[in-house]
Structure formats: structure tokens, C-alpha cells
Amino acid sequence: MSDLTWTNQKRKLSDLIPWPRNPRQIDSEQAERLLKSWDKFGQVETLAIGPGNELYDGHQRKKVLSAQLVKYGPDFEVDVRVSSRPLTEIEREELTVLKETAAGGWDWGKFDDWDKEDLLDWGFDESELEAVDWGDDEDEPPDPGPQVDKAEELQEKWGVADGDIWQAGSHFVICGDCREPDTWRRLLSASGTDKVNGIFTSPPYAEQRKQQYGGVPVDEYVEWWEAVQELARANLADDGSFFVNIKPHCEKGERVLYVFDLVLAMRRRWGWRFVDELCWKRVTSPGRWPNRFKNLFEPIYHFSAGDCIFNPTNVLQGFKNNPANYQSYDRKTAKTDRPSGFDTTGSMKSPHFDGALPGNIIEAGGAGGEGHWAAFPIAIPDFFIRAYSDPGDTWIDPFLGSGTTICAAHQAKGGQRVGLGIEQLAKYVSVCLERFVGLGLEPKLIRP
């Protein structure tokens, strides 16, 4: 860095752009002490930034003070030192590690794409780095898929009973009704979870799956759903997302309207944010109907209680994902500080990172749970889990079926999530348990 010089300036705090890969973290007690120090002594140490306002040092101060801008005012300025040129990615990593500070510790999940040898050279111990997932999971078994056709046989093997809670690694499943508060309470308590960070599910469709779940009449569906959304809302983190995969069937030559009634009720009756309508493009068998074409997509409705976590660069498509060229994003609003264009598929593309941001149509091939009434491919929950949460977060599927959502959480690229599931039918819990064994996990009954 011999060619690097620094110039002292003042900049608006709100203009500084955090580094998405910053591994520093701060707990609430440390944040409170930092704020008290700032109020009493003012700014003691400058923040380091690049020529384009990229933040190199001072992420915790930026985070804590940004929460106080109502008090300090939107034009609040801080002292910064500006580098004469942008730091390379390796220089930025080295500066972050070698910087001595009492504010904050390490978010080990942010180190999974760093170079281990560099971290050792910069002073980390081998024992400290055991917490890092280096991606050395090539020997990890692939998802074997659900053996739904053997559900009855697997039920005899596992002997699942109503109310059972099973643990497989860091994941938990309960055999119960997701419309009952006690089911959620027992599952979250067993897993040590306060609030889940995301919900992804495909519920029973109206008048469908009658042989499996009894069926819900079209004109009763919204009322039936009220208990589901109420418990989802009560147990979802403030910045969490709720994804519902559901499509109306046809009767007498036209689509029934209960799904649209459901979406309207979610927004107007129960106060959810209706963030987006996405869909996944699926592969289906040939078919022909009198007045319509075959289904080639499934809608996925995105709801949230407030501003939700959004990590679009976790799901770049089209070409190699290179974190060194990440565009800067506000994870709450997804606003970007750099210009973008579009690639030939219509996905947003930027020269500042090696990837294209996908649109709201996800191509994921055929179903991944053949034989189950609510089958969807593992790539679907994987996409939403990575794009709308951070490594280590917890996701739940209240209509777990054959366990695909938990498998996606377990195998999520860039960092595993904790998967929870509620399934009413014991035989499908058994299918899930057998599937977990195929992933190298060892299910155990922890609370009958």
C-alpha cells in the first residue's frame, strides 16, 4: 500500500456505503456504550472511506449512528479519511482484520469466501477459524429426494406419532397442526428459536388433496387461512418474509377466485405488506384442455410485516459470482449507488459484479418431491432462502410435506440456515426423516 495516501474530509453519514462482506458485528451492549461515548466526547476517531464513499473502517459506528439520525439530523456529518484510490479486495480484507477496535466481534459467516491462509497470516488462530464454513462440502451427500411412494413403509420404520418433535442436525420437525398455537410454541421452544426469519410454504389448495388433508372448500378458505397467517405473523421477525406458493384451480372452464380473495385479505384485512408476486417456471407433462393451455408456472406471493431483509447479490445468475465486484446495496430498500443495465434475458446486469440480478420469474425445472401433492423443486425455496435471509437465520415451512424447505435450508449456498417444519401427517414426517438420513443427518426423537 505504499502508493496509498489519505486525505481528511467531512462527509454526510447517510452517504457512506457499507461493505456487504464486512465481518465485524456489534452487540446491543457494545452499541449502547459506543453511542454514550459519542454523545459525551464526540468523534474521537475518523472513519476510512474510498473515493466513491465506500466504507472501509467504521461500519459499527455507521450502523449505530444511522439509527440516531432522527436525533442528529439527516445532514449529520462525520470526519473521514479518504483513500487516494480504491482499495483492492485483499487490501480491504487485511485492513478489516488488522484494525484494532474494542467495538464489535466477528460474524464468522462472512468469512466463508475469504482466503484461510491470509487470515492465519494476519493473526487468527486455527481454532478460531473452525467456526468458518470454507465450502469444503464436496463430499456432503446431495439431496436424495423424498421417497413418498414408501410413506407407509417409512412410517412403520420411524413410528412417528402426533405431537412428536424430531431433531436432525440443527433442524427440527413437529408432527402437528400449524393452525394450533401450541404446535408453533412447542417447535420453536424445542429449537431454541424466538422468531423465525422466513416462512416458505405451499399450503393445501382449496378442494385439493382431499384424500391427504381433507380439503378446504373454496368459500371457506380465507377463514380457514386466518389462523395460519395469525401464527405466522406472531412468530416472524420484524424483517422477515412470508412466501406462499398457491395457484387457483379451474371449475367449469374458469379459474376460481379464492386465491385472489386470500391475497386481498392478507393486505386489507390482516395488514400484511404485499411485497411482490413472483412465479416459478415449471416443467409439466403434456396435456390439453378445452379452453386453456397447460400450467407452466406457479405463483409465489411475498408478504412481510415491515421492511424485509433482501440480499439480491446472493442469487446472481448468468455468469460467475465474484464478491470482489459487489454492487453496494441498502439491504432494506435494495437501492443501489451504481448504474445498471440489463442482460439479454431481461435480468438486471452491472459491470460492477460478475453476475446478473434475476427477475421475478424463477426457472427451476420440475418438481423435487414427486408423488407428494405439494411437490416443488428444492431450487425454489433455496432461491428465496438465500435472497431474503442471512447465513444462520431460521426458516419454517408450516406445511412441510416431504421436507424440501428444510433440505434447502440445510444445503443453502453461502451459508446454512436452520430449518423448521410442521407436518400434520405422520407418514410424511417419516418421509422427511428418511430424506434427512440421505443428507447425512441423524434424526432423533427429542420430545414425544
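Could you grab me the full set of residues in the stretch 3-42 that are assigned to a loop (DSSP other than H, G, I, E, B) and among the basic types (K, R)? Listed by number, the list holds a single entry, R21. Of the candidates F376, F383, the single residue that is at pLDDT 90 or above and hydrophobic (A, V, I, L, M, F, W, C) is F383.
Can you tell me which residue is farthest from L278 (Cα to Cα) among those in the stretch 387-410 that are of a type in the set (D, E, K, R) and at pLDDT 95 or above? Looking at the filtered set, the residue picked out is D393.
When you go through G215, G240, G192 one by one, which is the residue that is in the same structural domain as D393 (by TED's automatic domain parsing) and in contact (Cβ under 8 Å) with a residue 24 or more places away in the chain? Result of the check over G215, G240, G192: G240. Residues in the stretch 248-270 that are buried (at least 17 other Cβ atoms within 10 Å of the Cβ) and not acidic (D, E): P248, V256, Y258, V259, L262, V263, A265, M266. Does any residue of the stretch 118-141 turn out to be touching an Asp or Glu at 6+ places or on another chain (Cβ under 6 Å), among the charged types (D, E, K, R), at pLDDT below 90 and assigned by TED's automatic domain parsing to the domain that holds N22? No, every residue in the stretch 118-141 fails to be touching an Asp or Glu at 6+ places or on another chain (Cβ under 6 Å), among the charged types (D, E, K, R), at pLDDT below 90 and assigned by TED's automatic domain parsing to the domain that holds N22. Taking the stretch 159-270 as the region of interest, the helices (runs of 4 or more DSSP H) fully inside it that hold 1 or more residues being touching a Cys at 6+ places or on another chain (Cβ under 8 Å) and not hydroxyl-bearing (S, T, Y) are 181-191, 221-234.
Please name all residue pairs, on different chains or six or more residues apart, with Cβ atoms under 8 Å, provided the first residue is in the stretch 388-405 and is on the phi > 0 side of the Ramachandran plot and the second residue is assigned to a strand (DSSP E or B) and surrounded by fewer than 24 Cβ atoms within 10 Å (Cβ to Cβ). Here the result reads G392/V418, each pair linking the stretch 388-405 to a residue that is assigned to a strand (DSSP E or B) and surrounded by fewer than 24 Cβ atoms within 10 Å (Cβ to Cβ).
Just one of the listed residues (G50, G58, G105) is touching a Pro at 6+ places or on another chain (Cβ under 6 Å), under 28 Å from L119 (Cα atoms) and not polar (S, T, N, Q), and it is G50. Filtering the stretch 177-233 down to residues that are on the phi < 0 side of the Ramachandran plot and of a type in the set (K, R), which residue is modelled with the lowest pLDDT? Out of the qualifying residues, it is K210.
Where helices (runs of 4 or more DSSP H) fall wholly inside the stretch 378-448, the ranges with 1 or more residues that are surrounded by fewer than 22 Cβ atoms within 10 Å (Cβ to Cβ) and out of contact with any His (no Cβ under 6 Å at 6 or more places or on another chain) are 379-387, 426-438. Of the residues making up the stretch 4-14, one or more are crowded, with 19+ Cβ neighbours inside 10 Å and in contact with a helix residue (DSSP H, G or I) (Cβ under 9 Å, 6 or more places away or on another chain).
The values are calculated or read from the model by the stated rules, or taken from the named source; none is laboratory data. Since the model is a prediction, treat every value here as computed from it, not as a measurement. Heads up, the Cβs are rebuilt from the backbone with ideal geometry, glycines too, and the neighbour counts pull from every protein chain shown.
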